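The values are calculated or read from the model by the stated rules, or taken from the named source; none is laboratory data. Everything quoted here is computed from the prediction, not taken from an experiment. Here the Cβ is made from the backbone with ideal geometry for all residues, glycine too, and neighbour counts use every protein chain on show. When the accessible area is computed, the model is the full protein with side chains, heavy atoms only, and any ligands, DNA or RNA have been set aside. Shrake-Rupley method; radii C 1.70, N 1.55, O 1.52, S 1.80 Å.
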Amino acid sequence: MPPALDPGDRKLLLIAGAILLLLISATVVFTPPEDEAGGPGLPTTYSTANGGAQAAYLLLQELGYRSERWEKSPLELPSDSQGKILILADPSNFPDKMERDALLGFARSGGWIVYAGNFPALFIETGTVAPPSITRTTKLTSETFSAITPSPLTQGAAKIAMDASNRWVAPDGGQIPLYGEPEEPVVVTWRLGKGRVLWWAAPTPVTNSGISREGNLPFFLGCIQAVRPGASPGETTVLWDEYFHGYRGSLWSYFAETPVPWAIFQMTLIAVFLLLAFGRRSGPLFSPAVVSRLSTLEFVDTLGDLYRRASAGPAAVRVAYQRFRTQLVRRLALAPSISNMQLDAAVRERLGWKQPGLMDTLQRAEFAARERDVLGSDALKIVQALEHYEVLFGLKKRPNEEKH
């Protein structure tokens, strides 16, 4: 028959089981549900889902382009940006002012930027987007948009397919609409310094499911080839931004996007409960500290409480007064029945005491010792005065001398 669990261990196991069940329930509740057909997800080059961009990333590598992931801050973008294009595909995080200035500086020095998604003004300082004027269904469906401006960027794709929820608002003279309606385009481009900026309403042309739609692949490759017309693919560098997708170039930032932190948290809890369950039986044994009831302070407190409850001020004065007279008479070799006046005179004669007050203290002590009711404050003053004279006459050591 297996031994029964200790009540303390049983309680600990029940608590651990409840917490583990709570963690499992939280994981189930807060795990984001997968959408239809594998879910759209972020257009990151790490994702193989429909909304990921791994296919376009690998395709450029196979074609000979220098296709690289960029997981660093925009502040570290190369100063020599000629022949380089940075793809910001629907970023999930926003830059601060210094990072935005770094993006603009990258373009002004000759680099290209493709921004696909909403909030372009937060990244490239220009652009306002809004839903189309013609109301459509709230669920995104792929739409086909025709080229409206002859350009090397539109030369290979007369039409493109895009899941566009917004349109560019009122492009000015420097902003050239490429696809969509002239007043509500879905692709816009303009010069910025020595470089160029392209805005796409959505990252559909580079997603795993969208790159094969009508005209998307020729359009995407046309944008890459236009960075260095006539150059070989190896002379063009394509930087896929992962920094604003949350990948910050460190091992922990990578694991932060996985269930690893949850697993570490759960394992830590289990380790703590195991330590509490078995560590207390495996460690050294200690006897609990017991406070002695013979403590001097406890005796003093107890005696003081008794005197206070019984209103025994006269008794306390009587004890201190008799002890003082007995010690002083013994030192002066006098008869115990000597009066206070004679005792005061003997002290002045034999000890050379010249200060007044001793006679008054003796009389007050004698009077209080005979009374039935004396205030506690008065009794304390008399006892303290008697102890003070004990120290002065050498009948008692000073407190600091007692410690030594």
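Side notes on the structure shown:
- Reachable lysines from K354, criterion Cα separation under 25 angstrom, eight or more residues apart if same chain: K381, K396, K397
- Residues in the stretch 219-226 carry Karplus couplings, in order, of 5, 4, 5, x, 5, 5, 5, 6 Hz; the curve used is 6.51 cos²θ - 1.76 cosθ + 1.60 with θ = phi - 60°, and Gly or Pro positions show x.
- Amide H contacts of Y179 (H built 1.01 Å from N, under 5 Å, at least 5 apart or other chain): I148, V186, V187
- Inter-site label distance for V300 and H388 at 7 Å from Cα along Cβ, in nm: 1.9 nm
- Rounded to the nearest 10 Å², the accessible area of S337 at probe 1.4 Å: 110 Å²
- Computed in the context of the full set of protein chains, the accessible area of the stretch 143-217 at 1.4 Å probe radius has 52% of its extent on carbon or sulfur.
- Counting 0.36 nm for each residue step from L375 to E349 and taking away their Cα separation leaves a gain of 5.9 nm.
- Long-range HN-HN contacts of R69 with modeled amide H, under 5 Å: W240
- Point-charge dipole on Cβ atoms (K/R +1, D/E -1) for the stretch 105-246, about Cα centre, debye to 20: 180 debye
- Accessible-area composition of the stretch 56-127, carbon plus sulfur, in percent [1.4 Å probe]: 50 percent
- Here each label is just a point 7 Å from Cα along the line to Cβ, and for A263 and I19 those points are 2.0 nm apart.
- The stretch 155-253, Rg to Rh (Cα coordinates; Rh as Kirkwood inverse mean 1/r): 1.00
- Only protein atoms count toward the accessible area here, which uses a 1.4 Å probe; on the stretch 326-401, the carbon and sulfur part of that area reaches 51 percent.
- Along the stretch 15-25 the Karplus relation, 6.51 cos²θ - 1.76 cosθ + 1.60 evaluated at θ = phi - 60°, assigns HN-Hα couplings of 5, 4, x, 5, 5, 5, 5, 5, 5, 5, 5 Hz to successive residues, with x for each Gly and Pro.
- 17 Å Cα-Cα reach of K194 towards lysines, excluding residues that sit fewer than 8 places from it in its own chain: K84
- When only alpha carbons of the stretch 296-377 are considered, Rg and Dmax amount to 15.0, 42 Å.
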